[in-house]
Amino acid sequence: MPPKTPTPPTPGPDPDHAEAITRHLGSRVRQLRTERDWSLEQLGSASGVSRSMLSQIEREQANPTLAVAMRIARAFGMGLGELLQMPAATSRVTVIRADDRTYHYRSDKDCRIRTLSPLNLEKDVEFYEVQLQPGGALRSAPHFAGTREFLTVQKGRVRVESGGDAEGLGPGDSAHYRADVAHALVNAGKGEAVIFLVDIYR
């Protein structure tokens, strides 16, 4: 039997690379927390990571374990690769969770608007879910010249007003109209109305 070839030693982690990840994670956590208008206490409650540890991570004074990083990622509703913004590990599917209040554009007793578009993209198309309670209405001033709105009614009865025109819609009906004039969506039924709305800017 020929002699065994000695196994080369396993290289240890590159300290410069580890330090770069620590710096990046700190700024990334701080950025995401600021975008959501969360305090350290709120992030700690959502993630199960102590406020002091989160503070040290944001100040680049701590190198968190994988388990801690995973808990922080889950609190933000994303995977670890997305938190670290590592292209090889990040899913190309961007998800907006139904319970993420960051995307609640407006919420009151008559109307709730939830944006379904990514907040971090400059865009000329915006996508919304609108919930109107009985008697509720979403009235809007004219948008930029050339803006149009497209909508589909998922539930309820809705009256669409655009300038001096108006049309009634029911479940499954769609409409598009000028939004560079005063316009409105009015709940014309006795129950809740749910609408999917797209704004296209020119």
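The values are calculated or read from the model by the stated rules, or taken from the named source; none is laboratory data. These numbers were taken from a predicted model, which means no experiment stands behind them. Heads up, the Cβs are rebuilt from the backbone with ideal geometry, glycines too, and the neighbour counts pull from every protein chain shown.
Take the conditions assigned by TED's automatic domain parsing to the domain that holds Ser107, within 25 Å of the chain's Cα centre (by Cα), farther than 18 Å from Leu116 by Cβ and surrounded by 14 or more Cβ atoms within 10 Å (Cβ to Cβ) and apply them to Ala137. Does it pass?
Values: assigned by TED's automatic domain parsing to the domain that holds Ser107: yes; within 25 Å of the chain's Cα centre (by Cα): yes; farther than 18 Å from Leu116 by Cβ: yes; surrounded by 14 or more Cβ atoms within 10 Å (Cβ to Cβ): yes.
So Ala137 passes the test.
Does region 144-167 contain any residue that is part of a strand (DSSP E or B), under 30 Å from Leu32 (Cα atoms) and not assigned by TED's automatic domain parsing to the domain that holds Leu32?
As a first pass, look at region 144-167 and keep what is part of a strand (DSSP E or B): 148-155, 158-162, 165-167.
Filter once more, so that each one left must be under 30 Å from Leu32 (Cα atoms): none.
The answer is no, given that none of the residues of region 144-167 is part of a strand (DSSP E or B), under 30 Å from Leu32 (Cα atoms) and not assigned by TED's automatic domain parsing to the domain that holds Leu32.
So which residues in region 38-70 are within 19 Å of Arg97 (Cα to Cα) and modelled with pLDDT of 90 or more? Before you say what the answer is, go through the steps one by one.
Quick first cut of region 38-70, residues within 19 Å of Arg97 (Cα to Cα) only: 38, 42-43, 45-47, 70.
Within region 38-70, Trp38, Gln42, Leu43, Ser45, Ala46, Ser47 qualify.
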Exercise. Is one or more of the residues making up region 184-192 within 30 Å of Ala46 (Cα to Cα) and crowded, with 16+ Cβ neighbours inside 10 Å?
Worked result: no
Problem set entry | Subset of region 168-184 that is assigned to a strand (DSSP E or B) and of a type in the set (A, V, I, L, M, F, W, C) - its residue that is farthest from Val125 (Cα to Cα) | Leu169
Problem set entry | Contacts under 6 angstrom Cβ, first residue in region 127-140 being in a strand (DSSP E or B), partner among the charged types (D, E, K, R), 6 or more apart | Glu129/Arg114; Gln131/Arg112
